[in-house]
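What follows draws every value from the coordinates through simple rules; no lab data is involved. All figures in this text were calculated on a predicted structure; none of them were measured in a lab.
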């Protein structure tokens, strides 16, 4: 029974901490002058730009691989 009471106490404390964190996040994102919000949004934008760049580069690599296959097939046909 004592263990259960201890778990209830720990869980209650965790819930309070989570609530405080959520309240801080809400305050941060509802404040139009918040530098933290701006920093988070800038980081997200930068991450999106990085992901977009990765996609473009992967498409370039795919196109180069496709071109290489065509060149290899052409070279093989020319040898025959």
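With everything on Cα atoms, drop me the angle between helix 35-79 and the longest principal axis of the chain, reported from 0 to 90° to the nearest 10. Here the helix axis deviates by roughly 20 degrees. Could you tell me which of rounded, prolate or oblate describes the chain, using a ≥ b ≥ c as the square roots of the eigenvalues of the alpha-carbon gyration tensor, with rounded for a/c under 1.5 and, failing that, prolate when a/b is larger than b/c and oblate otherwise? Oblate.
With 0.36 nm allotted per residue and the present C-alpha distance subtracted, the residue 18-residue 47 stretch has 7.8 nm of extension available.
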